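Some notes on the structure that comes next.
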Amino acid sequence: MNNLQPTPINPGVKQVPLLTTDQIAQFKRDGFLVLPGVLDSELCHKARESLWAAVEAHLPAMKRGEPSTWTPFDDEVSGHLNARRPKIGGDPYFFTEGHRFYVRNGTEPYMLDLAPRALWRVAEQLLGQGTVVWPAGADESGMTTGPCFMSDDAVAGLATHGVEETGQGHEKGSFTTAAALRLPRTGPVWSTGQGTRGLYCTLPGSPSPGPDYRGAHTDGACYGRVRFQVAAYIDDLPPGSGGFTVWPGSHSRIWREQWRAFLEGAKHMDEHLAGRKPGYNDPVIQRIKRDTQPVDCHGPAGTAVLWHTKILHIAGQNTSNDVIRQATIYGFLKTPESLPDSLMTDHTNLDIWRDWSDEVRAVDERRQ
């Protein structure tokens, strides 16, 4: 099966309704859109059961239904779990850091049906029919196959997530597409559109990011084929419980400034990416933090938050006493056929909506 071509949608996968014109206008204007409770409740339940099965297997002291046991992870525990990298490559299936833990189950069919495949018609509505990489998941050998634009950022990301050998023979990015990059199921399968990031969880009482929201960032390089992402909640998430937090309208400002910086510099230097990394005093992001109020995106189980990949965001502080933020994240990619390498670093990318559908381009974001 060719991963780059959409397969027939399983009729058993509940499809999220297409967006209205007003919703598209809001997405263009704000850079995000919250769709409360639109995902399949049974798949959310299955994902929760998978999460707690992983916790029981790896952290038996952490008990379901007993918030007093949901305490931050010390360095010894995290070091032990993080060392369990599969021989085939990729991240550990389950690992921890401070108040957060992660389950790399993003290629499981139920995880793909839960969010990426449930939003398939919406993705094609936004990006264009036949132009979106299909999330095929892993094959019987535990490997995935999909396209990846081999920029510096992508090459660094592969190494960071336990994939040292990319098969490209480049220490730096080639800035060409690897049409069939094979990655293990716990590797960075989101870079090829073959899986979600798995489950990202935040324990109660997580530390404050401070008044400057340290850690707020924007994903990936300004070039690349991911155009929008989804954060999907598999359990109820009240306000102030670690929800995906965004700065409305920041997507267009960051997009323009990163492209200008890129076009003025050497693409292999990656200096234009400094503003998305915590600890850098990027003037554009600092201005956004000063003049824009962030929004906590909360909602019931099955809520999907759609967001432009360049929006400034952060995993919110979980101020609750008895809620674990449980979410999966997936990015929808344009296919190499619909967005060839020759356009990936082309200056016309200053038009933030160039690579989107005619329907999206036709909607006036000023529409009320």
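The values are calculated or read from the model by the stated rules, or taken from the named source; none is laboratory data. This structure is a prediction, so every number in the text was calculated from the model and none was measured. Glycine also receives a Cβ, built like all others from the backbone with ideal geometry; neighbour counts cover every protein chain displayed. The protein model used for the area step is the full one, side chains on, heavy atoms only, and it has no ligands, DNA or RNA in it. Shrake-Rupley method; radii C 1.70, N 1.55, O 1.52, S 1.80 Å.
Within region 241-297, the set of residues being closer than 30 Å to ILE324 by Cβ, open to solvent by 60 Å² or more (accessible area, probe 1.4 Å) and either at pLDDT 90 or above or of a type in the set (Phe, Trp, Tyr) (or both) comprises just one member, GLN293. Taken as a whole, region 285-304 holds at least one residue that is over 22 Å from PRO36 (Cα atoms) and of a type in the set (S, T, N, Q). In region 115-142, of all residues being closer than 28 Å to LYS87 by Cα and of a type in the set (Asp, Glu), the one that is farthest from the chain's Cα centre (by Cα) corresponds to GLU140.
Residues in region 100-145 that are in a loop (DSSP other than H, G, I, E, B) and more than 24 Å from LEU339 (Cβ to Cβ) were compared, and the one that is most open to solvent (accessible area, probe 1.4 Å) is GLU140. Can you find a residue that is assigned to a loop (DSSP other than H, G, I, E, B), more than 27 Å from GLY37 (Cα to Cα) and open to solvent by 10 Å² or more (accessible area, probe 1.4 Å) anywhere in region 191-208? The answer is yes, given that some residue of region 191-208 is assigned to a loop (DSSP other than H, G, I, E, B), more than 27 Å from GLY37 (Cα to Cα) and open to solvent by 10 Å² or more (accessible area, probe 1.4 Å).
Every listed requirement among (1) in contact with a helix residue (DSSP H, G or I) (Cβ under 9 Å, 6 or more places away or on another chain); (2) at pLDDT 95 or above; (3) surrounded by fewer than 24 Cβ atoms within 10 Å (Cβ to Cβ) is met by SER174 save one, (2).
When you scan region 210-219, do you find a residue that is in contact (Cβ under 8 Å) with a residue 40 or more places away in the chain, surrounded by fewer than 23 Cβ atoms within 10 Å (Cβ to Cβ) and not in a loop (DSSP other than H, G, I, E, B), even just one? Yes, the conditions are met somewhere in region 210-219.
Would you check which residues across region 220-240 are surrounded by fewer than 24 Cβ atoms within 10 Å (Cβ to Cβ), touching a residue at least 60 places away in the same chain (Cβ under 8 Å) and over 15 Å from the mean Cα position of the chain (by Cα) and list them? Answer for region 220-240, where residues must be surrounded by fewer than 24 Cβ atoms within 10 Å (Cβ to Cβ), touching a residue at least 60 places away in the same chain (Cβ under 8 Å) and over 15 Å from the mean Cα position of the chain (by Cα): TYR223, ASP235, ASP236, PRO238, GLY240.
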